[in-house]
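**Student:** Okay, handing you the structure first.
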Amino acid sequence: MHDIAAPRPLLPSHRNPLKNVSARPRIFVTRKWPGNAVAELESDFEVEVWPEYTRPPIDVLRERAAQCDYIITTIEDPIDRSVFEAGKGVLRGITQAGVGVDNVDRAAADELGIPVTNAPGVLTDATADLAFALMVSAARRIVEGDAYVRAGKWSSWHPSLLLGKALKGATVGVVGLGRIGAAFAERCQGFHMRVLYTSRTEKPGAAAHGWIRADLDTVLKDADFVSLHTPLTEETRHLISSRELALMKPDAILINTARGPVVNTDDLIQSLKQGRPGIAALDVTDPEPLPVDHELLTLPNVLVTPHIGSSDHPSRVAMLEVAIRNLHAIHAGERPPSPVAGV
Ligand code: DGY
């Protein structure tokens, strides 16, 4: 494995017989991942792992696309048209260790015939857990409580100290009942909440659970908690803007573990200032990362975590393993298990 400190000139040796150090195909991995899966690739591939904590710059991505057979990406890597064009004739696949692929120009992948895959399924529970945790934390004011104690304000038990919202019997609105939305709804059901959901189609099994399909406006008006679980597409960008926020109950709690731009951040700030919704609990933001001096962080009714929805150890290991399974399939000339473009 090459844990490089600075980008090295890298040309696949099998395409450069004059420098025939190794005939093994090359893989560029854009981040260090937990687990041993990358080390296991080294018997068959020449593997380079980007050693920095932050993502590789776009020129490094282009350079590696021009030199490597495969790139294993994260949701934060901007895989735009220029990366695919740089990889034309060389790059045989991008396998993303993540489920959302809004960072990838899939039209360019289709045009250039470069397969792109994602890693669905393995982070469903982790993300649903975090959405549920954010909901409970906001409802029961856990972060505020911790700050209160640390600030030395805990002088007495008091009947009205940090009064929160109850889950049991409350209505939760699940916007987007895909894998993660459904796993979140199951958790809510376990806590005896009434579940409303939006979805383009009636979901098989949802009615048997007692989950009720409704349009977005109805869900926003009726729900005490609204949790977003849609992918980011042109249709869902700013799905939640001023008009939609104004429909929410004044003390409702908005949870976002999907993608930041599903919510219009400027509109959210204005709405939160007016207490509608009462609280936003966000694992994803727009922009991301959120600068420490961002106005969102000046509001007391906002709770933010740094896009850690899938961040339990087994899920992160499994995400990379799925990316590698896809890579092996492409390499063997087979259809990869989870293609999203270019095939
Ligand atoms: C994904 O894979 O899309 C998640 O957002 C990563 O946490």
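**Student:** Quick check: is even one residue across segment 316-332 aliphatic (A, V, I, L, M), buried (at least 20 other Cβ atoms within 10 Å of the Cβ), within 16 Å of the ligand (Cβ to nearest atom) and closer than 25 Å to residue 166 by Cα?
**Tutor:** no
**Student:** Please determine whether any residue of segment 188-207 is in contact with a strand residue (DSSP E or B) (Cβ under 9 Å, 6 or more places away or on another chain) and acidic (Asp, Glu).
**Tutor:** Yes; the residues of segment 188-207 include at least one that is in contact with a strand residue (DSSP E or B) (Cβ under 9 Å, 6 or more places away or on another chain) and acidic (Asp, Glu).
**Student:** OK, next. Among 263, 292, 284, 226, which is the only one that is among the hydrophobic types (A, V, I, L, M, F, W, C), open to solvent by less than 30 Å² (accessible area, probe 1.4 Å) and more than 16 Å from the ligand (Cβ to nearest atom)?
**Tutor:** 226
**Student:** Additional query: How many residues are small (Gly, Ala, Ser) and loosely packed, with under 13 Cβ neighbours inside 10 Å when one looks only at segment 21-65?
**Tutor:** Total satisfying the criteria: 4.
**Student:** Here is a follow-up. Residues of segment 215-234 being farther than 20 Å from residue 257 by Cβ and touching a residue at least 24 places away in the same chain (Cβ under 8 Å), which ones?
**Tutor:** Answer for segment 215-234, where residues must be farther than 20 Å from residue 257 by Cβ and touching a residue at least 24 places away in the same chain (Cβ under 8 Å): 217, 221, 222.
**Student:** Just to verify a result, which residue in segment 80-108, among those that are under 17 Å from residue 336 (Cα atoms) and basic (Lys, Arg), is nearest to the ligand (Cβ to nearest atom)?
**Tutor:** 106
**Student:** Is it the case that some residue within segment 171-193 is over 19 Å from residue 130 (Cα atoms) and of a type outside the set (Phe, Trp, Tyr)?
**Tutor:** Checked segment 171-193: no residue is over 19 Å from residue 130 (Cα atoms) and of a type outside the set (Phe, Trp, Tyr).
**Student:** Here is a follow-up. With respect to residue 310, determine if the residue is of a type in the set (Ser, Thr, Tyr), part of a loop (DSSP other than H, G, I, E, B) and within 21 Å of residue 73 (Cβ to Cβ).
**Tutor:** yes
**Student:** For segment 111-159, give me each residue that is of a type in the set (Lys, Arg) and at positive phi.
**Tutor:** Listed by number, the list holds a single entry, 141.
**Student:** Sort out which residues of segment 245-258 are surrounded by 23 or more Cβ atoms within 10 Å (Cβ to Cβ) and touching a residue at least 60 places away in the same chain (Cβ under 8 Å), and write them in order of number.
**Tutor:** Listed by number, the residues that qualify are 253, 255, 257, 258.
**Student:** Oh, and also: Here's a check for you: in segment 77-121, which residue that is open to solvent by 10 Å² or more (accessible area, probe 1.4 Å), charged (D, E, K, R) and touching a residue at least 40 places away in the same chain (Cβ under 8 Å) is nearest to residue 333 (Cα to Cα)?
**Tutor:** 92
**Student:** Filter segment 199-220 for residues that are over 20 Å from residue 239 (Cα atoms), modelled with pLDDT of 95 or more and open to solvent by 40 Å² or more (accessible area, probe 1.4 Å) and give the result.
**Tutor:** 207, 208, 209, 210, 212
**Student:** Within segment 232-244, can you find the residues that are in contact with a strand residue (DSSP E or B) (Cβ under 8 Å, 6 or more places away or on another chain) and buried (at least 19 other Cβ atoms within 10 Å of the Cβ)?
**Tutor:** 239, 240
**Student:** Do you know which residues across segment 295-315 are polar (S, T, N, Q) and away from the ligand (no atom under 16 Å from the Cβ)?
**Tutor:** Result: 298, 301.
**Student:** Among the listed residues 45, 132, identify the single one that is farther than 21 Å from residue 285 by Cβ and aromatic (Phe, Trp, Tyr).
**Tutor:** When all the criteria are applied, what remains is 45.
**Student:** Kindly indicate whether residue 147 is surrounded by 15 or more Cβ atoms within 10 Å (Cβ to Cβ), part of a helix (DSSP H, G or I) and away from the ligand (no atom under 16 Å from the Cβ).
**Tutor:** Answer is no for this residue.
The values are calculated or read from the model by the stated rules, or taken from the named source; none is laboratory data. Everything numeric in this text was worked out from a predicted model, so none of it was measured. Cβ atoms come from the backbone with ideal geometry, glycine included; neighbour counts cover every protein chain shown. These accessible areas exclude ligands, DNA and RNA; they are computed on the full protein's heavy atoms, side chains included. Shrake-Rupley method; radii C 1.70, N 1.55, O 1.52, S 1.80 Å.
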